[in-house]
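Since the structure comes first, as structure tokens, the remarks are kept for the end.
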Amino acid sequence: MTIALYNTMSRKIEPLETIQPGRVGMYCCGPTVYNFAHIGNMRTYIFEDILRRSLEAAGYAVLHVMNITDVGHLTSDADEGEDKMILAMRREGKTAHDIADFYTDAFMRHAQALNILRPHECPRATDHIGDMIDMIRRLEEKGLAYSAGGNVYYDIARFTDYGKLAGTDRESLRAGARIEVDRNKRSPHDFALWFTQSKFEDQEMTWESPWGRGYPGWHIECSAMSMCYLGEQFDIHCGGIDHVPVHHTNEIAQSEGATGQSPWVKTWLHGEFLVTDSAKMSKSSGEFTTIDTLIERGYDPLAYRYLCLGGHYRQQLGFSYEALDGAANGLESLRRIVLNLKQKAGAPTAPAADHPRLREFQGHLADDLNMPRALATVWTTLKEPIPDSEKLGLVYAFDAIMGLDLDALEEKERAGEVPSEVMERVAKRAEARNARDWAEADRLRDEIAALGYTVKDTPDGAQVSAI
RNA sequence: GGUGGCGUACCCAAGUGGCUAAGGGAGAGGCCUGCAAAGCCUUCAUUCGGCGGUUCGAAUCCGCCCGCCACCUCCA
């Protein structure tokens, strides 16, 4: 099945054509590890995970690369503001290295909790400074970069296609609308490739370079690392929608400028924002929700994944705890159904490749990753009158892409794992019920509830589970 | 100022010219049950922000209006 995806560059849904048949090189802009990723960030990684799983299910050998940016990134794109890593160091009294390690670990933990497959490569920017320097030299050799005030800048006037991804032309950009223009720049939208003039104290993250001791600009790492792992041209580049106008625009300028080859990337995919009541979630605004926040509030992280599955990746998704509750209930219901199927059907029957429901499900994904429709197919399938083993096999096939870990579900509470004090009351209650002493039975049920368990009376006796 | 997007039931959310407007959650009624839970069955927008227009036909296209948001600093 051919997968069609919305390419930000062409603004059209196009069938995926890979550079090498059957193989996909995919680069996803990863986290800058100066703080926790919030659930809005994680939405994008969930979308990329669905993309990867869909490609793999379609038979592609995927090489998935995601950077960990542990350097650079000032608070603004002018040569001012503070380096976010430095801010974090000051805030937490740690070294840059410790900050990066801490937040990298937190990110990986959150991604794992969301069942996001780990990218095959997760290169750290600080391990590729040499590659960045090499690329800046290539840009210099081609006359696309200039030095001014101790820093090296990209000269966007020399790159005729500048802004093609965002669909903006240089004239329409409102330079200096919200920030002061760096006087070193020839054009307001030139951007720094290498800094040697640091205005900041305690700038401990610096490296030797042909331009002096300093540190890289904040777009170059993605150009350098993606090419390092995927070659000078590759298939798919993903990120959040906010990366279109600046970060990806500048990446294209650097990459195509350095290699002279175009297009650098064939397909650009961008995930829309998670929005709260009436605003996007953002790190810089201070308050934000993390996966840990959700866990503290008693939610299964996968309930959040399920919530994300319900919306299309190119559409803003409204987040509220009411919506999350709905998703948690939906996921819980799905799990119960699967658990029941498991008990009744035993072994699943793997669906034929041309099973109508499987094809329908894959067809929705092949249509620009329409996960909401695919999810509707899942529910329709569950309500169909087909054999349980077939149903279970289909659900597992669906879940290979949904990633809700449905095949790993187990009855959490078995009789043997329930404390004896609870089991004693269950037994007493059974006696009371036999004697039709409902008051005593209800009293015992309350006691059991107080101990943290619920009982369900079934034709086969009482079923006990933790609340 | 420029650019882009959004407004579908109580909530989340598909659908972008044509059979009954997906799906989930919540809610309601029923069966079952001592009660409850689970399960099962049924129900839940003559209507898609508003007003016009195009069309045999529009939630879907066009215009205007109202409301909301994003981007043009950093940001998924």
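Rule-based calculations on the coordinates, nothing more; no lab input. Keep in mind that what you see is a predicted model, and the values were worked out from it rather than measured. Backbone-built Cβ (ideal geometry, glycine too); neighbour counts: all protein chains shown.
The table for this structure:
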quantity: Peptide ranges A:340-353, A:105-118 listed from the most packed, as the mean C-beta count within 10 angstrom indicates; calculated: A:105-118, A:340-353
quantity: Least to most buried among A:SER262, A:SER10, A:SER187 (fewest other Cβ within 10 Å first); calculated: A:SER10, A:SER262, A:SER187
quantity: Packing-based exposure ordering (other Cβ within 10 Å, fewest first) of A:MET423, A:MET66; calculated: A:MET423, A:MET66
quantity: Local electrostatic count at A:ARG359 - Lys and Arg +1, Asp and Glu -1, tallied over other residues with Cβ under 14 Å; calculated: -1
quantity: Residues A:CYS29, A:CYS122, sorted so that the one with the fewest Cβ neighbours within 10 Å comes first; calculated: A:CYS122, A:CYS29
quantity: By average C-beta atoms within 10 angstrom, highest first, the peptides A:245-256, A:433-444; calculated: A:245-256, A:433-444
quantity: FRET efficiency, 1/(1 + (r/R0)^6) with R0 22 Å, evaluated for A:ASP242 and A:LYS12 via beta carbons; calculated: 0.55
quantity: Relative contact order, percent, chain A [alpha-carbon distance under 8 Å, six or more residues apart]; calculated: 16 percent
quantity: Sum of -39500 (n - 2.57) over DSSP H runs of 4+, divided by residues of chain A (222 nm, nearest 500); calculated: -13000 deg cm²/dmol
quantity: Where labels lie 7 Å past Cα in the beta-carbon direction, separation of A:LEU339 and A:ASP354 in nm; calculated: 3.9 nm
quantity: Additional length obtainable on full extension of the chain from A:GLU322 to A:ARG23, 0.36 nm per residue less Cα span; calculated: 103.5 nm
quantity: Pair A:SER389, A:THR276: separation of 7 Å Cα→Cβ label points (nm); calculated: 5.0 nm
quantity: Global form of chain A, assessed from the alpha-carbon gyration tensor, a/c cut-off 1.5; calculated: prolate
quantity: Alpha carbon centroid spacing (whole Å) that separates the range A:305-327 from the range A:107-126; calculated: 22 Å
quantity: Cα gyration tensor category, rounded, prolate or oblate, for the range A:288-408 with a/c compared to 1.5; calculated: oblate
quantity: Considering only chain A, percent of DSSP beta bridges that pair antiparallel, nearest 5; calculated: 50 percent
quantity: Student exercise, chain A dipole from Lys, Arg, Asp, Glu Cβ charges, in Debye to nearest 20; calculated: 820 debye
